[in-house]
Amino acid sequence: MGSPGVSWKLADHPKLPKDKIVAMVVLDGWGEANPDQYNCIYVADTPTMDSLKLGAPEKWRLVRAHGTAVGLPTEDDMGNSEVGHNALGAGRIFAQGAKLVDSALASGKIYEGEGFEYIKESFEIGTLHLIGLLSDGGVHSRLDQLQLLLKGASEHGAKRIRVHILTDGRDVLDGSSVGFVETLENDLAKLREKGVDAQIASGGGRMHVTMDRYENDWDVVKRGWDAHVLGEAPYKVRNAVEAVKKLRQEPNASDQYLPPFVIVDENGKPVGPIVDGDAVVTFNFRADRMVMIAKALEYEDFDKFDRVRFPKIRYAGMLQYDGELKLPSQYLVSPPEIDRTSGEYLVHNGVHTFACSETVKFGHVTFFWNGNRSGYFDPQMEEYVEIPSDSGITFNVQPKMKAVEIAEKARDAILSRKFQQVRVNLPNGDMVGHTGDIEATVVACKAADDAVKLILDAIEQVGGIYVVTADHGNAEDMVKRNKSGKPLLDKKGQIQILTSHTLQPVPIAIGGPGLAPGVRFRNDVPDGGLANVAATVMNLHGFEAPSDYEPTLIEVVDN
Ligand SMILES: O=C(O)[C@@H](CO)OP(=O)(O)O
Ligand SMILES: [Mn+2]
Ligand SMILES: [Mn+2]
């Protein structure tokens, strides 16, 4: 088990009983926003979530899910699954990757650490390769951090740099990739003027190349490996800006799904394959979509696809992405030390736990929930079930996803009475929201609502308790707006579809026949956020939360 030397025993809650079955439902990408035609949750038929809202203010309220409430640098940072589930599970607010990298770059400490010392060994004879998401979305990476790293690495001795870019369109507007590539090209030109041989070497869209997660589709990572490492891709082009512009013109093309490309010289030779003696940094700070490529870059034994060549490189992550696997072993910035999570406490206090989602969100209710730690705390006490996601599709063609299957697994776990906590993530609002397909997102919201109903019905049968909440917004707003909330039009007079998350708060509802009379939301934590949920849930399991947890959202009043 993690966190040795901790005293795990939780005090009994003075008023609330133990051994109730608690369903913990996280709707991914389900925020609260004003009703209009771009609010897919409002447009969709969602009777279950609507009925929960009628419990306001005692049984339904909003909580903050973005910015500093979840450890992000500023209030302009939208929420995301990593920070959202970290906060939900850990019950405290940790300075997250984005912020830690900002300060390591600002202080220059990044260049003094073990990770940078390690890759620096290659600068004399080898190339420094930087692989990651190119945008200012701030969910997985940030362009300004890449810019600082490029400058800093060259000042600290890197003479030959190759950047392998993954275009975004998911945390930022579709089409914005062209501008980001232009900006990067300008920066690299400036480095060249200073005598650094710096170029873009390969790339592709984040959802099609390299950035898969939770082993949903290794082909995505293989395409990245082939382009970044081997210098092989169906598109060999001289210039990255031209490549992105041209590939965007193909039917159904979007930044998220651009095919892989490799930049070649005048003789058609790739300008930057990764070879023996090189250094590699994956510059995303967020973990989930870097773990698979990190395994391919780091593990001697690897059988997920044929790497063809396994170059002897010095590899470091921007952060360490998996605390249990210690992956990668070298990293530039230490990750947040998310310890003593509620999951670990509850298991130590006899709470049998069941967690389930489909592949694309499975790690959210396990890995992120447990502080970016893979595996069980105690396999005797926990069961994690993953429902295989469809792969190779965009989820607007399958907006119901596996919502019913997830809910049925949760229902069965509840009815089995073997678990006191049954935790799920319902991905629909988020995964379909990211496609920008409004009609499909409406279908997705209804599917998530149906799934909630299935789970609440099971809780009704066993006399249990439910907590229904979300990790951040997405489906409740599908259009880019100006400051006063009006939809923004592009040059052609069309609305600009918002594929990203939002800054909106999310709902939290409590209820069920097992909820003790007199339990209600307090009104003295108006700024409550996702980090307040863990203490709340511990109370509902009959325990007091540890004293350094963010305060509970509930109180028990005598009726
Ligand atoms: O798909 C992802 O990687 C992010 C958006 O970049 O979404 P979420 O945080 O909901 O997982
Ligand atoms: Mn999410
Ligand atoms: Mn998302």
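The values are calculated or read from the model by the stated rules, or taken from the named source; none is laboratory data. Fair warning: this is a prediction, and the values are worked out from it, not measured in the lab. Heads up, the Cβs are rebuilt from the backbone with ideal geometry, glycines too, and the neighbour counts pull from every protein chain shown.
Just one of R160, R192, R170 is of a type outside the set (A, V, I, L, M, F, W, C) and buried (at least 23 other Cβ atoms within 10 Å of the Cβ); which is it?
R170
So which residues in segment 439-456 are more than 16 Å from ligand 3 (Cβ to nearest atom), under 19 Å from P35 (Cβ atoms) and out of contact with any Asp or Glu (no Cβ under 7 Å at 6 or more places or on another chain), if there are any at all?
E439, V442, V443, D449
How many residues, within segment 426-475, are in contact (Cβ under 8 Å) with a residue 60 or more places away in the chain, of a type in the set (D, E) and more than 14 Å from ligand 1 (Cβ to nearest atom)?
Qualifying residue count for the region: 2.
(1) in contact (Cβ under 8 Å) with a residue 24 or more places away in the chain; (2) out of contact with any Ser or Thr (no Cβ under 6 Å at 6 or more places or on another chain); (3) not assigned by TED's automatic domain parsing to the domain that holds N239: which one isn't true of H364, the others all being true?
(2)
Could you list all residues from segment 520-547 that are without any contact (Cβ under 8 Å) to a residue 60 or more places away in the chain and among the polar types (S, T, N, Q)?
Answer for segment 520-547, where residues must be without any contact (Cβ under 8 Å) to a residue 60 or more places away in the chain and among the polar types (S, T, N, Q): just S547.
If you check every pair at least six apart or on different chains, which have Cβ atoms under 9 Å apart with a residue in segment 486-509 that is under 17 Å from T469 (Cβ atoms) first and a residue that is among the hydroxyl-bearing types (S, T, Y) second?
Hits for this filter: H501/S81; V506/T469; P507/T469; I508/T469; I508/T536; A509/Y466; A509/T469.
Quick one: how many residues across segment 136-173 are farther than 29 Å from T68 by Cβ and assigned to a helix (DSSP H, G or I)?
Total meeting the criteria: 3.
Within segment 323-349, how many residues are under 27 Å from E112 (Cβ atoms) and in contact with a helix residue (DSSP H, G or I) (Cβ under 6 Å, 6 or more places away or on another chain)?
Summing the residues that are under 27 Å from E112 (Cβ atoms) and in contact with a helix residue (DSSP H, G or I) (Cβ under 6 Å, 6 or more places away or on another chain) in segment 323-349 gives 7.
Yes or no, residue by residue, for (1) under 17 Å from Y214 (Cβ atoms); (2) crowded, with 23+ Cβ neighbours inside 10 Å:
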| site | (1), (2) |
| --- | --- |
| Y384 | yes, no |
| Q398 | no, no |
| H434 | yes, yes |
| D450 | no, no |
| K453 | no, no |
| G463 | no, no |
| A470 | no, yes |
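With a cut-off of at least 1 residues that are under 30 Å from V291 (Cβ atoms) and in contact with a Leu (Cβ under 9 Å, 6 or more places away or on another chain), name the helices (runs of 4 or more DSSP H) lying wholly within segment 1-110.
81-90, 97-107
Among the residues of segment 520-554, how many are buried (at least 20 other Cβ atoms within 10 Å of the Cβ) and farther than 22 Å from L27 by Cα?
4
Scan segment 239-247 and tell me whether some residue there is more than 25 Å from the chain's Cα centre (by Cα) and more than 18 Å from L166 (Cα to Cα).
So far as segment 239-247 goes, no, none of its residues is more than 25 Å from the chain's Cα centre (by Cα) and more than 18 Å from L166 (Cα to Cα).
Looking at this structure, is F180 of a type in the set (F, W, Y) and not in a helix (DSSP H, G or I)?
No.
Filter segment 382-433 down to the residues that are away from ligand 2 (no atom under 15 Å from the Cβ), aliphatic (A, V, I, L, M), under 13 Å from F354 (Cα atoms) and touching a strand residue (DSSP E or B) at 6+ places or on another chain (Cβ under 7 Å) and list them by number.
Residues satisfying the conditions are V385, A410, A413, I414, V422.
Here's the yes/no breakdown for (1) touching a Gly at 6+ places or on another chain (Cβ under 7 Å); (2) surrounded by fewer than 18 Cβ atoms within 10 Å (Cβ to Cβ); (3) among the charged types (D, E, K, R):
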{"site": "V70", "(1), (2), (3)": "yes, no, no"}
{"site": "D77", "(1), (2), (3)": "yes, no, yes"}
{"site": "S81", "(1), (2), (3)": "no, no, no"}
{"site": "A104", "(1), (2), (3)": "no, no, no"}
{"site": "G108", "(1), (2), (3)": "no, yes, no"}
{"site": "Y111", "(1), (2), (3)": "yes, no, no"}
{"site": "G115", "(1), (2), (3)": "no, no, no"}
{"site": "S122", "(1), (2), (3)": "yes, no, no"}
